[in-house]
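Shown next, in structure tokens, is the structure this report addresses.
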Amino acid sequence: MNFLEERIVKDGVVKEGGVLKVDSFLNHQMDIQLFETMGEEFKRRFAGKAINKILTIEASGIGIACIAARHFDVPVVFAKKTKSINIDGEVYAAEVESFTHQTVNRVIVSKKFLSAEDRVLIIDDFLANGCALQGLIQIVEGAGARVEGIGIAIEKGFQPGGQRIRERGYQLESLAIVEDMDCRTGKIRFRPQKV
């Protein structure tokens, strides 16, 4: 087991409906030392890539993306779920469905923060059906930029998102891939990874 899998087993809670609660360390209360280790691992897995920007989506991916960005020495841009008065000018937009919230959001990135010169690493906390990732990829490609890779903290391997993204040819690196989980016993089985 790797460091993230160990933490999921220790502090994660399996709920009905394919829900894995990791809010005590990942996406409500954040363990910054854990994020630091995750950032180091993303840097190792994407070594040699010409990444000059990290893109994520609000809100849960922001903390992970910011710590990872320290290791790449690049800025973080996050797709916003609502347009506010402080976003001026043109935006790139995509519709994304949230598995967790069971909603569809229009996410936007200001065109002044993403351009054809950018080589982007997309970072997010979870990958289930892949809708958020597909929206972020659409935004990157709409800017004429290139997706250099995708880093995910936890992938639900029993849902189709990871397979869909890999079939499109992207380098997708998930630090923990949950193969299956049982809400009755709380047992979680991870997909073995060679890294």
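The values are calculated or read from the model by the stated rules, or taken from the named source; none is laboratory data. These numbers come from a predicted model, not from an experiment. FYI the Cβ positions are ideal-geometry reconstructions off the backbone, even for glycines, and counts take in every protein chain you see. When the accessible area is computed, the model is the full protein with side chains, heavy atoms only, and any ligands, DNA or RNA have been set aside. Shrake-Rupley method; radii C 1.70, N 1.55, O 1.52, S 1.80 Å.
Structure summary
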{"read-out": "Cβ-Cβ under 9 Å pairs, at least 6 apart or on other chains, region 181-195 side under 13 Å from VAL19 (Cα atoms) and of a type outside the set (A, V, I, L, M, F, W, C), far side open to solvent by less than 100 Å² (accessible area, probe 1.4 Å) and part of a loop (DSSP other than H, G, I, E, B)", "value": "GLY186/GLY12"}
{"read-out": "Enumerated strands (runs of 3 or more DSSP E) restricted to region 88-167, each holding at least 1 residues that are under 12 Å from the mean Cα position of the chain (by Cα) and of a type in the set (D, E, K, R)", "value": "119-127, 146-156"}
{"read-out": "Candidate set from region 150-171 (those that are without any contact (Cβ under 8 Å) to a residue 60 or more places away in the chain and in contact with a Gly (Cβ under 6 Å, 6 or more places away or on another chain)); member that is surrounded by the fewest Cβ atoms within 10 Å (Cβ to Cβ)", "value": "ARG164"}
{"read-out": "Inter-residue pairs, beta-carbon under 6 Å, first over 7 Å from ILE188 (Cβ atoms) and in region 2-14, second among the hydroxyl-bearing types (Ser, Thr, Tyr) and open to solvent by less than 50 Å² (accessible area, probe 1.4 Å), 6+ apart", "value": "PHE3/THR37; ASP11/SER24"}
{"read-out": "Residue within region 39-47 that is assigned to a strand (DSSP E or B) and open to solvent by less than 80 Å² (accessible area, probe 1.4 Å) present", "value": "no"}
{"read-out": "Subset of region 109-124 that is closer than 26 Å to GLU155 by Cα and either out of contact with any helix residue (DSSP H, G or I) (no Cβ under 9 Å at 6 or more places or on another chain) or modelled with pLDDT under 95 (or both) - its residue that is surrounded by the most Cβ atoms within 10 Å (Cβ to Cβ)", "value": "VAL109"}
{"read-out": "Residue match in region 15-31 (condition: surrounded by fewer than 13 Cβ atoms within 10 Å (Cβ to Cβ) and more than 20 Å from PHE190 (Cα to Cα))", "value": "yes"}
{"read-out": "Matching residues, region 120-164, being β-branched (Val, Ile, Thr) and closer than 28 Å to ILE32 by Cα", "value": "VAL120, ILE122, ILE123, ILE137, VAL140, VAL147, ILE150, ILE152, ILE154"}
